[in-house]
Structures are given as C-alpha cells and as structure tokens.
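Working notes, structure below.
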Amino acid sequence: MEIIYQDRWLVAVNKPSGWLVHRSWLDRDEKVVVMQTVRDQLGQHVFTAHRLDRPTSGVLLMGLSSEVGRLLAQQFEQRQIKKRYHAIVRGWLQEEATLDYPLIEELDKIADKYARQDKTPQPAVTHYRGLAVCEMPIAVGRYASARYSLVELEPHTGRKHQLRRHLKHLKHPIIGDSKHGDLRQNRAAADHFGCHHLMLHASELALNHPVTGEPLTIRASLDAVWIQALAQFGWRGVLPTIERVEFPDSGSQDGSGANKEHENG
C-alpha cells in the first residue's frame, strides 16, 4: 500500500480502486482490505477516521491511536476537513457552480433491512468546476462520437454516493459508475480507453493536524488507468500536483512523501 503521509499520530495511504477499507459481512469472501494491509505493513493498529467507497481511489486518512482516530472522525463530522476529488464524466461539463440538491438516503437491502424507509431527503451540497473537455471519434449509442469532461469536485456534505448521484443529476454521470452511470458509455470507455474502474479519485485532504494544530495538505497521485486516460484525452498537465512522473529506468514508485505538503500559513 502506498503511504503518502506518516508521522507519530497519523498515516495516510493512496487507496487503490476496488479495495474495501475494512472487512465487511456484506462481502465475507474479500480477504484483502486496506485496514489489515496497512496494519501489517506498519506493524501496529490503525484506526479509521472516514471511508471511501470501494471503487473510489485516493487519500484515506487513519489515526495511529484510537484517540487520534476519534479526533479525525470528529473533524470530518464537523466538516472541518476540505476534500477535493477529480472525476471523468460523460458529456461536456464546462461551468463552475455549486449544486445544492438534497438526496434521499440510499439504503442497503440487507444492512438496512429494518431502517426507516420514509426518511426525508438530506441536505447535500457539492461545488464543481469543469477543467477540460474532449471529443473522441467512437460511436456510443445514437451518437457518432463520445464527449468527456475532467471535473474537480468539492463536497460540502458527506452523503452516501453524493458525488456520483450529484453528477448523475447534472446528466454528467461519472465514467465507470455501474450503479448511477451510463452503462453504454462505461463499456465504450473501458474498451477504447482502458477506463476499467470508477473514474473518481479523492485527490486531496486539507485539515488542521489534530495534535499539533498545524495546517496539513495531503495529496494522492493518480493511478495508471487515470494517467492513460489523461494522455489519450489530451489532458496531461492539467492536474500537475497529482500526475505521476514516470522515470524510464525506475523499478518502483517511491510514495514516501512526494505527494504530501505541509502548509504553514
């Protein structure tokens, strides 16, 4: 697991797409999960402060003690941590705006079997900004070509699947989203451009360190699927702080600090 930040109290990793954060009885057969992998890698227990959906990649922050984990979780709950994501979506999304669109809570058929089914929609707010667009000469459905956009997202609330559902509401579903997306577009992007997973990446967390109080920004680099997509869509260089620099003769990626930044005012 790529560690992108570590000190005496915290550790942050670049979670790969497809990994569960911790074991779940909803997927009892899955043995490889982030929590146990990082625990074994560090030789000590780690404590979750937030979650990322299984198909989402990017910054996952954990405490190295239950107390620090609790302090971090409190910051997330009180919306004191700024989160930045990037996504590749269907169509051309070029504007910058804030979407205030309440969401009905998504309930799991098994885990939420006895939960109330008549809950009112919960407030959900996302700021979004279009960064780049392209049009590719492949036919999808009734269209002779496929249009894609690179989008920056900042959720101000933390509802389940909020970004995926908000992009769907804007009619620009995220590529690779099997639940809320466009299945024909997903298939075409996978076949032609190698976008085989959800193209949603948790790029950055900005917070005040829960122990020292110092401002801290942690960034997670994009994986090979993302880098390939950026290259094919002509977007290399649009996200310089999280695009990996490839060295031809390098045997491995050193993630021991290249993507973290301390900000002191």
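Details
- Long-range amide H partners of LEU200 with built H, under 5 Å: SER57
- Shape of region 79-225 from the C-alpha gyration tensor: oblate (a/c of 1.5 or more and a/b not above b/c, with a ≥ b ≥ c the square roots of its eigenvalues).
- Integer Hz, Karplus 6.51/-1.76/1.60 couplings in order for region 212-222, x for Gly and Pro: 8, x, 6, x, 9, 10, 10, 10, 10, 5, 6
- Once the Cα-Cα distance is subtracted from the 0.36 nm per residue extended length, the ASP40 to GLN74 segment shows a gain of 9.7 nm.
- Projected label points at VAL238 and THR48, each 7 Å from Cα along the beta carbon direction, are separated by 3.1 nanometres.
- Three-way shape label, region 34-81, alpha-carbon gyration tensor, a/c 1.5: oblate
- A protection proxy built from the mean count of other Cβ atoms within 10 Å ranks the segments 178-190, 6-18, most packed first, as 6-18, 178-190.
- Pairwise label distance in nanometres, THR212 with ASP100, each label 7 Å out on the Cα-Cβ vector: 3.8
- Using θ = phi - 60° in the Karplus curve 6.51 cos²θ - 1.76 cosθ + 1.60, the 3J(HN,Hα) couplings for region 66-78 round to 5, 5, 5, x, 5, 5, 5, 4, 5, 5, 5, 4, 8 Hz; x is entered for Gly and Pro.
- Rolling a 1.4 Å probe across all protein chains gives THR37 an accessible area of roughly 40 Å².
- For ARG164, ARG142, ARG236, the ranking by accessible surface with the largest value first comes to ARG142, ARG236, ARG164, using a 1.4 Å probe.
- Cα-based shape type of region 152-225, given that a ≥ b ≥ c are square roots of the gyration tensor eigenvalues and the cut on a/c is 1.5: oblate
- Label zone of SER178 (point 7 Å out along Cα→Cβ, amide N under 18 Å): in region 1-20 this covers 16-20.
- Where labels lie 7 Å past Cα in the beta-carbon direction, separation of ASP191 and ALA231 in nm: 2.3
- When you restrict to C-alpha pairs under 8 Å that are six or more residues apart and normalise by the size of region 1-99, the relative contact order lands at 26 percent.
- The distance from the alpha carbon centre of region 52-87 to that of region 174-217 is 15 Å, rounded to a whole number.
The values are calculated or read from the model by the stated rules, or taken from the named source; none is laboratory data. Small disclaimer: the values here were computed from a predicted structure and weren't measured. A quick note on method: Cβ atoms are made from the backbone with ideal geometry, for glycine too, and the neighbour counts reach across all protein chains shown. Areas reflect the complete protein model, heavy atoms only, side chains present, ligands, DNA and RNA absent. Shrake-Rupley method; radii C 1.70, N 1.55, O 1.52, S 1.80 Å.
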